[in-house]
């Protein structure tokens, strides 16, 4: 258990190296050194910059964390048993728990390959996870590293981002009834989207207008208007039915739209092998398992295409993610690492039979 | 696999013999989330589990 004494220092090192999306390589030298110290037998960087470390031979259990953070450097510090700084929660804490948990379980595993991946660009376009799917990566079970407060994620919503724009002939602001405003057209569309996707909880689709730009001059009706709208939707909604509704609403308002990002929702049952293994690991440690459904979207949505035995798990309060208050208690990190180790043992037993 | 009855709809579910007290199950027929309870005599029964929590984040 000497490894666990280093847990805080390992997380601090990960957090103090600033790695917003696209700049993950800054941490590769440290990960390479750490992989060697933790007993991983192989470490390499793939074509898009995902860092992989693995040991063992047999069916693969993939622990997929991400190395990037949202932009916004924060001072990193270790204080009163907590690591503060950008990424402590989302998601370098979960990644550290994966590396430590895999190292703890190594001696007890047989005929199984454990791979920890530090993926890139989870916070932007999910390139790292998409690359694994496109390359035909194979794994029997996957745990995605996200802050779930040690809860076991059984669902994430899907995400559809669209760009909508309107054009109009404009006119003088003193006689708007004689002119035509692109902004009015766009607002009519946005209001219709808002009425349709106005949820206030997980089960209901929601929308958020994240960008809005219009107007060329204070005394003229806008000739151009542009917006970006993000819609989140759970199972059983599908992107095709949402897009079909959007198409009709856009036609009614005279607006053009383009889908710029799409991730389908994911939902798995409690009898999914990896979820059962995580539950049993927690129960063996005297922890009551807690299932969670996440309102956001993560690499779990993408990696589900590799195996349906998938979940997301990790230490950290998700309410602190993407805030300036990110911090993680070392005790939670150590507990998560022990849960991961026990889960790997649980899974490997069942993979052999 | 031994069967236990669902406390919500009365239907039956297969529960693995090695299931641990506290393990969660879903009754696919009625959608109930259930938790395995084992008493001091080792007899097993299912009770309704807490609802799946909603958590922000991605």
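Key figures
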| quantity | calculated |
| --- | --- |
| Alpha carbon centroid spacing (whole Å) that separates segment A:118-153 from segment A:239-278 | 18 Å |
| Principal semi-axes in Å for segment A:158-263 [√(5λ), Cα gyration tensor, largest first] | 29, 12, 11 |
| Equivalent ellipsoid semi-axes, segment A:246-311, via Cα gyration tensor eigenvalues times 5, rooted, Å | 38, 12, 9 |
| Alpha-carbon centroid distance for the pair segment A:1-24 / segment B:8-38, whole angstrom | 40 Å |
| Between segment A:36-74 and segment A:303-348, the Cα center-to-center distance that results, in Å | 15 Å |
| Over segment A:1-125, relative contact order from alpha-carbon pairs under 8 Å, at least 6 apart, % | 37 percent |
| Cα principal axis extents for segment A:228-345, largest first, Å | 59, 36, 21 |
| Cα-based helix-to-principal-axis angle, A:93-105 vs chain A, degrees rounded to 10 | 20 degrees |
| Taking chain B and dividing mean pair separation by its residue count, relative contact order in percent (alpha carbons under 8 Å, at least six apart) | 28 percent |
| Per residue, the convex hull volume that the Cα atoms of segment B:3-48 enclose (Å³) | 64 Å³ |
| Cα-Cα P(r), segment A:89-201, percent of pairs per 5 Å interval | 2, 7, 12, 14, 13, 10, 8, 7, 7, 6, 5, 4, 2, 1, 1, 1 |
| Whether segment A:1-130 is rounded, prolate or oblate, judged on the alpha carbon gyration tensor where a/c under 1.5 counts as rounded | oblate |
| Neighbour-count order for A:142, B:52, fewest beta carbons within 10 angstrom listed first | B:52, A:142 |
| Degrees between helix A:7-16 axis and first principal axis of chain A (Cα, 0 to 90, nearest 10) | 30 degrees |
| Share of Cα-Cα pairs in segment A:45-99 lying beyond 16 Å, as whole percent | 55 percent |
| In degrees, nearest ten, helix A:273-284 long axis to first principal axis of chain A (Cα) | 60 degrees |
| Listed peptides A:86-95, A:234-243, A:176-185 by packing density, highest first (mean Cβ within 10 Å) | A:86-95, A:176-185, A:234-243 |
| Partner chain coverage, peptide B:19-28 - average Cβ within 10 angstrom | 5 |
| Within 10 Å of each Cβ in B:46-56, the average number of Cβ atoms from other chains | 6 |
| Scattering curve values for segment A:198-257, log₁₀ I(q)/I(0), Debye with Cα scatterers, q = 0.25 Å⁻¹ | -1.13 |
| Relative exposure of B:55, A:299, judged by other C-beta atoms within 10 Å (fewest first) | B:55, A:299 |
| Rg to Rh, two decimals, where segment A:294-348 supplies the alpha carbon set and Rh follows Kirkwood | 1.03 |
| For chain A, built as a Gaussian network whose Cα springs stay under 10 Å, the top-fluctuating residue of A:23, A:146, A:108 | A:108 |
| Mean projected area in nm² (Cα convex hull; one quarter of hull surface) for chain A | 19.6 nm² |
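Each reported figure results from applying straightforward, stated rules to the coordinates on display, with no laboratory input. Being a predicted model, the structure only gives us computed values, none of them experimental. Positions of Cβ are backbone-derived with ideal geometry, glycine not excepted, and every protein chain shown enters the neighbour counts.
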